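Scroll down for the structure; my scribbles are underneath it.
The values are calculated or read from the model by the stated rules, or taken from the named source; none is laboratory data. The shown structure was predicted, so the numbers you read here are calculated from the model rather than taken from an experiment. Please note: Cβ atoms are built from the backbone with ideal geometry, for glycine as well, and neighbour counts cover all protein chains shown. We work out accessible area using only protein heavy atoms, side chains counted, and drop any ligands, DNA or RNA first. Shrake-Rupley method; radii C 1.70, N 1.55, O 1.52, S 1.80 Å.
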Amino acid sequence: MSGSRRAFVLGGAALLCGCAGTIHDLPAAGSAQISSARDEIAARDNPQRRSLSDAEVGAVVRRVHARLHGPAHAMCQEIGQGPCEWILRISRSREVNASASGRGSITINAGIVEMARSDDEVALVVGHEMAHHAANHIARTRSNTEIGGAVGAVIAAGALVAAAASGVAFSGRGNERVARDSQAIGQSLGRLAFSRDQEREADHLSAMALHRAGYDLATARGFMVTLARLSGRSSSSWLDTHPAGPERLAHYDAGMAEILAGHAQPLRRMRPA
Ligand SMILES: [Zn+2]
């Protein structure tokens with residue numbers, strides 16, 4: 001595919017797909033906040049891992065879950081979008097990772113607990129995975145990926161018609177390749193763009209649940225800094241599956257300011273599904 005045609009497909013798909021997948025209009029961070037988050041991350045020492053037994057890891061996660069579950073469950077029911085019955089699984093993996101999958105399944109790796117410096121930080125991760133379910137992100141990601149693919153295919157057809165009108169010839173095989181490429185790009189953009197917004201939303205909803213459970217949001221945010229240090233990235237591009245560290249931290253801070261001021265509500269500024 002030529003450079004100009006690829007740019008056309010990418011631009012069209014981005015315009016049409018980067019607009020949904022969350023249930024909120026999220027609090028925004030400005031470039032000054034992102035820049036100061038970048039400075040803070042750069043100034044922080046490299047995170048240190050604690051060595052914990054599986055039993056110690058289990059005790060921390062169960063303690064956090066016991067305290068967070070009630071407020072998070074109530075918030076999930078207020079939102080009324082996704083599954084609010086969760087199955088928590090603790091993985092022995094020391095990789096710093098956690099996930100939400102299926103209908104209510106949550107996995108927290110031991111690596112999260114070893115890298116966290118407090119229960120507040122562990123709670124931020126557990127709440128984040130609960131929030132992915134509460135906001136129904138898994139079902140939304142599936143349908144948005146399909147929408148993204150359809151948009152990509154439509155734009156490819158438009159590009160071919162435009163090229164034919166301007167007298168440019170394509171072989172049949174070339175046309176098929178354009179259609180397949182565009183569909184793949186559309187699906188990828190749909191999924192990745194939504195994923196980035198959904199990660200921010202999961203952070204924000206997690207902070208709301210933590211606040212209700214009496215955790216300290218300023219302490220919990222330490223894990224955002226740790227993740228940013230681990231990822232080693234200082235800027236983001238459109239195609240990142242997750243927000244880069246400084247942007248994610250700055251958006252968390254914007255949400256934290258709303259929550260501490262008493263302005264944040266699970267259903268405020270609700271977007272249509
Ligand atoms: Zn996430």
Quiz item: Within the group GLY58, GLY70, GLY104, which residue is without any contact (Cβ under 8 Å) to a residue 40 or more places away in the chain, open to solvent by less than 60 Å² (accessible area, probe 1.4 Å) and more than 16 Å from the ligand (Cβ to nearest atom)?
Solution: GLY58
Quiz item: How do the pairs read when you match residues in the stretch 194-222 that are touching a residue at least 60 places away in the same chain (Cβ under 8 Å) with residues anywhere that are away from the ligand (no atom under 16 Å from the Cβ) and of a type in the set (Lys, Arg), using Cβ under 8 Å and keeping only pairs 6 or more apart or on different chains?
Solution: ALA213/ARG67; GLY214/ARG67; TYR215/ARG67; GLY222/ARG117
Quiz item: Can you name every residue in the stretch 107-133 that is within 13 Å of the ligand (Cβ to nearest atom) and either touching a Gly at 6+ places or on another chain (Cβ under 8 Å) or assigned to a helix (DSSP H, G or I) (or both)?
Solution: ILE112, LEU124, VAL125, VAL126, GLY127, HIS128, GLU129, MET130, ALA131, HIS132, HIS133
Exercise. Tell me, please, whether a residue that is open to solvent by 20 Å² or more (accessible area, probe 1.4 Å), part of a helix (DSSP H, G or I) and free of Cβ contacts under 8 Å to residues at least 40 places away in the same chain can be found in the stretch 76-98.
Key: yes
Self-check item: Number of positions in the stretch 134-143 that are open to solvent by less than 20 Å² (accessible area, probe 1.4 Å) and either at pLDDT below 90 or within 11 Å of the ligand (Cβ to nearest atom) (or both)
Solution: 2
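Being open to solvent by less than 10 Å² (accessible area, probe 1.4 Å), at pLDDT below 90 and either within 16 Å of the ligand (Cβ to nearest atom) or closer than 19 Å to SER36 by Cα (or both) narrows it down to one residue among ALA228, ALA207, ALA202, ALA220; which is it?
On the way: ALA207 fails: at pLDDT below 90; ALA202 fails: at pLDDT below 90; ALA220 fails: at pLDDT below 90.
Every option except ALA228 fails the conditions.
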